[in-house]
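Scroll down for the structure; my scribbles are underneath it.
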Amino acid sequence: MTKFTYKALKDSKTVTGTAEAADKDALVASLTKQGIHPLVVKVDKGKGGKLFGGPKKVKLADLVIFTRQLSTMISAGVPLARSLSALASDSESPYMREVIAGITKEVEGGAPLGDAFAKYPNVFSEVYVNMVRAGENGGILDEILKRLATQVEQDASIRKKIKSASMYPIVILSVTVIAFFGIMLFIVPKIGAILLSLGGPNAKLPVYTRDLLAISNFCVHNSIVHAIPGVSAIPLIGKLPNLIFILAIFGIGMVYLRRYIKTPDGKYKYHALLLRLPIFKVIILKIAIARFARTFASLMSSGVSVLDALAVTGGAIGNKVIEQELKDAATEVKNGKQLSEPLSQSKHFPPIVSQMLAVGEETGQIDTVLVKVADFYEEEVSTMIDGLAAIIEPVMIIFLGAGVGLIAASVMGPIASLSKNIGN
């Protein structure tokens with residue numbers, strides 16, 4: 001979300017204000033719906049506008065506390081606006097206090113709680129907002145908030161495990177990259193000079209040694225030129241661009257790629273790619289199925305209809321490909337089929353989900369059955385992540401050892417061969 005300042009016409013009067021929106025067009029559309037006609041809209045470069053860096057975030061722990069406290073106060077019969085005001089003053093997070101204060105103003109102005117939450121997508125996810133709306137419509141907001149707090153805790157636990165498992169390879173990879181460039185910039189050039197002094201201009205070196213020296217030359221001079229005289233340079237439009245220029249091009253490409261991924265078409269293709277990646281696709285599928293089962297069970301137990309529950313659950317999964325499958329399943333349900341039937345033909349939902357769902361449909365205990373499915377898959381994800389964390393360390397050691405061995409062979413082999421030739 002970006003914070004904007006605007007000047008607009010309302011009831012023939014000029015008004016100014018600030019608002020948060022995904023982009024300028026979204027803000028203009030929102031203001032127009034409210035009968036406000038924008039004249040000037042600018043990014044707020046003060047407190048809220050962030051041209052560099054991401055939007056402000058709220059810790060999951062703060063979100064869980066807020067959700068549980070709000071649920072308790074609503075269950076106790078405290079009016080919603082008063083509950084929000086009390087929570088705003090009690091929150092330890094400055095940004096969370098700011099968010100709750102904004103939500104309180106929206107609610108006092110007559111906006112539904114779900115719509116007020118929707119104005120802060122960097123804090124409240126799409127599924128969070130949709131579940132709150134479902135709770136408001138069904139008159140079970142306190143129960144929905146309790147279930148949301150449990151779900152946020154489950155998501156936080158999974159994220160923590162993934163973050164912990166990925167920390168070791170990230171650190172090792174970073175150290176490896178730094179060490180590689182250090183060797184290429186400071187050590188290999190000296191070794192190249194030694195090889196030249198030992199073998200002379202006509203020295204015949206192995207291919208991998210010449211490649212190593214060429215990479216070193218590129219790192220030092222920003223051009224691919226072999227270190228051994230007599231070996232022709234590999235032209236690449238003369239001199240290659242400056243390294244900073246290359247990094248700038250790479251950075252711009254990444255920015256545009258991220259923007260494309262945020263578009264509906266780009267997001268769908270990106271999620272389809274994730275479901276084809278070895279190992280990762282299994283984890284992503286298990287997480288998606290666990291989210292589907294827990295969210296759908298929460299909504300069904302709260303009295304939400306199957307079609308409405310499917311619409312909300314689709315946005316909760318976090319994968320557009322699977323969300324589309326649920327939309328197709330909803331169409332089948334509209335035509336009179338049980339949900340277990342279209343899911344049994346799904347490319348991504350395993351047979352156990354449709355089988356358990358069929359049992360729940362027969363016994364009238366869909367929510368109870370799906371909670372067990374969610375528990376099972378969350379445990380599976382936890383086990384897989386722990387297993388990957390155990391495997392990553394030896395795999396990284398093997399790859400690092402292979403890299404060190406290749407560099408050593410590229411350097412020591414020619415030196416030993418040239419020394420023998422000199423001795424003869």
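Across region 116-156, which residue is nearest to residue 385 (Cα to Cα) among those that are of a type in the set (Gly, Ala, Ser) and assigned to a helix (DSSP H, G or I)?
Here the answer is 156.
Considering 398, 415, which residue is surrounded by 14 or more Cβ atoms within 10 Å (Cβ to Cβ) and either of a type in the set (A, V, I, L, M) or at pLDDT 75 or above (or both)?
None of the others qualify; the one that does is 415.
Pairs only if they're at least six apart or on different chains, beta carbon under 8 angstrom, first in region 279-295 and farther than 18 Å from residue 127 by Cα, second among the basic types (Lys, Arg) and at pLDDT below 85; list them, first residue then second.
No pair meets every condition.
Consider residue 159 carefully, then state whether it is surrounded by 13 or more Cβ atoms within 10 Å (Cβ to Cβ) and assigned to a helix (DSSP H, G or I).
No: the conditions fail for residue 159.
How about region 377-394: which of its residues are within 23 Å of residue 293 (Cβ to Cβ) and either surrounded by 15 or more Cβ atoms within 10 Å (Cβ to Cβ) or without any contact (Cβ under 8 Å) to a residue 40 or more places away in the chain (or both)?
Within region 377-394, 377, 378, 379, 380, 381, 383, 384, 385, 387, 388 meet the criteria.
Based on what the data block shows, is residue 373 in contact with a Lys or Arg (Cβ under 9 Å, 6 or more places away or on another chain) and in a helix (DSSP H, G or I)?
yes
Can you confirm whether region 121-139 contains a residue that is buried (at least 16 other Cβ atoms within 10 Å of the Cβ), of a type in the set (Asp, Glu) and closer than 20 Å to residue 291 by Cα?
No, region 121-139 has no match at all.
Take residue 359 and decide whether it is part of a helix (DSSP H, G or I), under 30 Å from the mean Cα position of the chain (by Cα) and modelled with pLDDT of 85 or more.
Judged against the criteria, residue 359 is not a match.
Select, from 114, 109, the only residue that is free of Cβ contacts under 8 Å to residues at least 24 places away in the same chain and more than 26 Å from the chain's Cα centre (by Cα).
109
Output the qualifying pairs, or none if there are none: Cβ atoms under 7 angstrom, residues six or more apart or on different chains, first residue in region 60-71 and crowded, with 23+ Cβ neighbours inside 10 Å, second residue at pLDDT 85 or above and of a type in the set (Gly, Ala, Ser).
Qualifying pairs under 7 Å: 70/83.
The values are calculated or read from the model by the stated rules, or taken from the named source; none is laboratory data. These figures come from a predicted structure and were not determined experimentally. Cβ atoms come from the backbone with ideal geometry, glycine included; neighbour counts cover every protein chain shown.
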